[in-house]
Each structure stands twice: as C-alpha cells, then as structure tokens.
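No lab work stands behind these numbers, since they all come straight from the coordinates. Treat the numbers as computed from the prediction; the structure is a model and nothing was measured. Note that each Cβ is placed from the backbone with ideal geometry, even for glycine, and that neighbours are counted across all protein chains shown.
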Amino acid sequence: MLKTTEKISNEYSGFDELSPMLGLANVYTDASVLKYIIKNPAFFSKLDMLQFLSKLPLSRASIHFERTRLSIQEPYFGENLRIMEGNAPLVDGPILNRLFMPKVITVATFKKYDDPYDKSIEDKKAIIATTYGLGRVVLSPIHAELTVGGRKAGDVYMRNVLWLSGDLPNT
C-alpha cells in the first residue's frame, strides 16, 4: 500500500503508479501503463506473463529523436525510428529535485506503439541523458540492442554506449 505522501505526490504529478527513483536522474518509470496490461494483478497468471513477454520481441514503438544540444543521437535528429519496446516510459520527477539534481535532457520520445502497449506511452520519454558527478547517464526503456533487423536501432544503441564512454562529444 502506498504511503499518504506518495499518493499525494502521484496525484500531483498526474500518474497513478511510479517506480522508485534510481537517484541517478530526476525521472521515474510510469508504471501506470503496465496497469493496462496487467489489469487485475490477482488474476494475472504465469500464462498471461508468458503471453506478454512473447509479444515484446516483435513489438515496436515509433521513437522520435528530439533536436538537443547533445550530439548523442545527432544523425537521427527529427527522425522517427521503430525500435523494440521493453519497459514502461520515463516521466519527469518532482520540480523540487531540479534544484539539486543534474538537468535531464530528453533525447527521444514515444510517438506510436504496438501491442502490448497502448496510447498511454505516447509523448513520454524513450531516451534521456544526464550527468552524474563526472560521469554520464543514459536511461531508456527501449531495447535498441535487441531490435531484430533494425540496423539503425543498433546504431542508436552504439551511439548511447559511445556517448557514455566519452567517445562522442558532450555537445
């Protein structure tokens, strides 16, 4: 059961369910999109879970790459790519955290979706980038590295890794 302050925070932010924050970036996973899939947890069986998991490898979301000051995905600025969905999308954390946590840069957002997800993922964060101390952080619920037949998706994954390692410039 959620604590009262968590309920108030979720209501204020407009989300039913949020994952715990990792503390690396001021974002949460919007778990409310999973409620659409699971519906009633008491009746969600192992078979239901297997059906959900079996849909993921073929599921694709249209990811729109934003024009950002970071070069992380520069070749794809303004483009939409279909990439394997993996988890629920990311959403901004509390405004107060922006005072002491590094700025979160939205690299890509969800535009369209495939089964098992629904319209609730649209316009939410698909890839974010930020810093943590002297390091770099990329968080993403998509699985570009597992997208079958997607050469550009593989490139997206590699560009994330290269940016993390410092082999792509920060700006």
Distance in nm between Asp114 and Glu145 label points, each 7 Å along Cα→Cβ, equals 2.0 nm
Output ordering of 44-52, 87-95, 66-74 (per-residue mean of other Cβ within 10 Å, highest first) is 87-95, 66-74, 44-52
Residue pairs, from the table Lys46/Lys152; Lys35/Lys103; Lys112/Lys152; Lys46/Lys112; Lys55/Lys103; Lys35/Lys152, whose Cα atoms sit over 25 Å apart: Lys46/Lys152; Lys35/Lys103; Lys46/Lys112; Lys55/Lys103; Lys35/Lys152
